[in-house]
Amino acid sequence: MEFKGTFDVKRTIEAVKGFLINPKQFAECLTGLQSYETNNNVFKAIFKLDVSQMKIPHMTTLTASINANIIEKENSVEINGDGRSAGVGIKFNIILGLKKDEGITRVNWFAKINLGMLSRLLGEENIRRIAEPNINHIINCISSKLSY
């Protein structure tokens, strides 16, 4: 499953990159963050995803745990990882491309998520219904933090 988007911030590429490679700066943007730890370029987090859109009685959140490697490149940041949610393995790759454009930095982001058996169990439409508000929350939070 793939997601993508763009946002602009009035910061230099270096400032944006510095923010994106530092989990202490962006971790609280994860929906329902329970805990996180860092070790060099490895980021581990436990958080709760809002799944209320699925309207399953007595279930409004799913807990997810992830392990991610943050890789700084010349004009991008790449985050590769894996984890578990609802007892099912997940894998993800996020690329945040950075481009200077007339006093702003344009962030073009692309996320590829493989939810394995969870996609088959819940169906792609339900996964998108869960993922999109959570992704929008994360992107809006990051954009907002970078706008200060």
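Glu125 versus (1) part of a helix (DSSP H, G or I); (2) touching a helix residue (DSSP H, G or I) at 6+ places or on another chain (Cβ under 9 Å); (3) farther than 21 Å from Thr63 by Cβ: which is the lone unmet condition?
(2)
Got a sec? Which of Ile95, Ile71, Ile135 is of a type outside the set (Phe, Trp, Tyr) and within 22 Å of Gln34 (Cα to Cα)?
Within the list Ile95, Ile71, Ile135, the selection yields Ile135.
Can you tell me which residue among Asn126, Asn136, Asn93 is under 15 Å from Met1 (Cα atoms) and at pLDDT below 90?
Asn126
What number goes with the only condition from (1) crowded, with 17+ Cβ neighbours inside 10 Å; (2) in a helix (DSSP H, G or I) that Ala68 does not pass?
(2)
Which pairs turn up if I take residues in region 101-118 that are within 16 Å of Ser143 (Cβ to Cβ) and look for partners that are crowded, with 16+ Cβ neighbours inside 10 Å and of a type in the set (Lys, Arg) with beta carbon separation below 6 Å, at least 6 apart in sequence or on another chain?
Thr105/Arg11
Considering only residues that are out of contact with any strand residue (DSSP E or B) (no Cβ under 7 Å at 6 or more places or on another chain) and farther than 12 Å from Ile142 by Cα, which ones fall in region 1-21?
Correct list: Glu14, Ala15, Gly18.
For region 39-65, what are the residues that are of a type outside the set (Gly, Ala, Ser), assigned to a strand (DSSP E or B) and touching a residue at least 12 places away in the same chain (Cβ under 8 Å)?
Hits for region 39-65 are Val42, Phe43, Lys44, Ile46, Phe47, Lys48, Leu49, Asp50, Thr61, Leu62, Thr63.
Being in a loop (DSSP other than H, G, I, E, B), of a type in the set (Val, Ile, Thr) and either without any contact (Cβ under 8 Å) to a residue 12 or more places away in the chain or closer than 23 Å to Arg106 by Cβ (or both) is the filter here, so list the residues in region 1-38 that pass it.
Thr12, Ile21
Just need a number here: residues in region 54-93 that are farther than 30 Å from Arg106 by Cβ and not hydrophobic (A, V, I, L, M, F, W, C).
Qualifying residue count for the region: 11.
Which number in (1) surrounded by fewer than 17 Cβ atoms within 10 Å (Cβ to Cβ); (2) at pLDDT below 90; (3) in a helix (DSSP H, G or I) marks the one condition that Cys141 misses?
(2)
Would a scan of region 106-114 turn up a residue that is more than 16 Å from Ile56 (Cβ to Cβ), among the β-branched types (Val, Ile, Thr) and either in a loop (DSSP other than H, G, I, E, B) or out of contact with any Pro (no Cβ under 8 Å at 6 or more places or on another chain) (or both)?
Yes: region 106-114 contains one or more residues that are more than 16 Å from Ile56 (Cβ to Cβ), among the β-branched types (Val, Ile, Thr) and either in a loop (DSSP other than H, G, I, E, B) or out of contact with any Pro (no Cβ under 8 Å at 6 or more places or on another chain) (or both).
A quick yes/no check of all residues on (1) touching a helix residue (DSSP H, G or I) at 6+ places or on another chain (Cβ under 9 Å); (2) buried (at least 16 other Cβ atoms within 10 Å of the Cβ):
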position	(1), (2)
Glu14	no, no
Leu20	yes, yes
Thr31	yes, yes
Asn41	no, no
Met59	yes, no
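The values are calculated or read from the model by the stated rules, or taken from the named source; none is laboratory data. Just so it is clear, the model here is predicted, and its values are computed rather than measured. Glycine gets a Cβ as well: all are built from the backbone with ideal geometry, and neighbour counts include every protein chain shown.
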